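A short write-up of the structure that comes next.
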Amino acid sequence: MTRDEILNTISEILVDALAVDDDEITPSATLIGDLGAESIDILDITFKLEQEFGFKIAQGELFPEGITQDPEYVQDGLVTAKGLEMLKERGPHFDMATLEADPSVENVRKIFTVEALVNFCEQKLQAA
Amino acid sequence: MRWMWIDRVLELVPKERLVAIKHVSMAEDHLHDHFAATDVRDQLPLMPMSLVVEGMAQSAGILVGHANDFKEKVVLAKVAKAQLRKDPTPGCTLRYTATIDRFTENGASTSGVIDLFDPTTSYSDDAPAQAERIGEIDLIFSHLDRNSAGTQYPKENFVFSDSFRTILRTSGIESAF
């Protein structure tokens, strides 16, 4: 499956799950910010990805959970070095450049882009 | 039992599907207001679609809850799709068929179809009322204690109340709960 094919499938899933127009789905669009996804939509999207691509997604694999509530990973509104390290390790599909430049906690959600979703699926398919 | 929108479970295949029915009765309070008469129109009693969705949510919710012996607090998180092409009126019977599509430790997704038995249009002396497919409702359920925010809830399973227990018992469904 090519990267374009993966993106097309993901676009269809996001249009269905988030009731957005397909022209809103660009690689840099953030799921929680630009596309208006809520936590429960992530569960919906996870189910749909599993169904379409045929792989299993473990809890927290797509987007690590509980980071912003953990004092080890967030202090004084900033993601700690340990937090950044954890995100890199558990989320090789994320582009961390923006968050590393400005580790404000509100920037964590910005790494969860459509492109990150494509990376995630590509990596899962390659590993299969 | 005032907030039970199914009357009986007809079939339960664990972790797969559940079929339930609901008889729509003129004695139900909500039909008196939905829709009340106006200056230009007589009273028009129809079961609101929101309650049809609730009926499907209860059917699918029991199926999802049963899959883990009702240990999880199963809550309706999202109505992924809801289409209804005909309004159920008093005297009709609705049949909900819910099927589990995905089931994980976090929750489940279900797809469901609604069939309507309307004696005034489908009954004859020779044949029982025939079902008419009138809608589809797909739902997402979350297991509340596994929420991503890490919020803690009371230990007691407040989702599956005595009303659910009674429905299962009177439907002849054996369960550990």
Condition first: within 14 Å of chain B (Cβ to nearest Cβ), over 22 Å from A:E38 (Cα atoms) and aliphatic (A, V, I, L, M). Now tell me which residues in the stretch A:63-100 satisfy that. none
Given the options B:T120, B:T93, name the one that is more than 14 Å from chain A (Cβ to nearest Cβ) and either free of Cβ contacts under 8 Å to residues at least 60 places away in the same chain or in contact with a helix residue (DSSP H, G or I) (Cβ under 7 Å, 6 or more places away or on another chain) (or both). B:T120
Across the stretch A:62-77, what is the number of residues that are in contact (Cβ under 8 Å) with a residue 24 or more places away in the chain and surrounded by fewer than 17 Cβ atoms within 10 Å (Cβ to Cβ)? 2
Kindly list, by first and then second residue, each pair from a residue in the stretch A:21-43 that is closer than 30 Å to B:L144 by Cβ and within 14 Å of chain B (Cβ to nearest Cβ) to a residue that is of a type in the set (S, T, Y) and assigned to a loop (DSSP other than H, G, I, E, B), limited to pairs with Cβ atoms under 6 Å and residues at least 6 apart or on different chains. A:S39/B:S148
Please go through the stretch B:5-55 and give me each residue that is under 10 Å from the mean Cα position of the chain (by Cα) and not in a strand (DSSP E or B), ordered by number. B:W5, B:I6, B:D7, B:L51, B:V52, B:V53, B:E54, B:G55
Only one residue in A:E106, A:E72 is under 28 Å from A:K48 (Cα atoms) and either part of a strand (DSSP E or B) or not β-branched (V, I, T) (or both), so which one is that? A:E106
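Read-outs throughout are calculated quantities, based only on the coordinates presented, and are distinct from any laboratory measurement. Source: prediction; values computed, not measured. Neighbour counts are summed over all protein chains in view; Cβ atoms, including those assigned to glycine, are modelled from backbone coordinates with ideal geometry.
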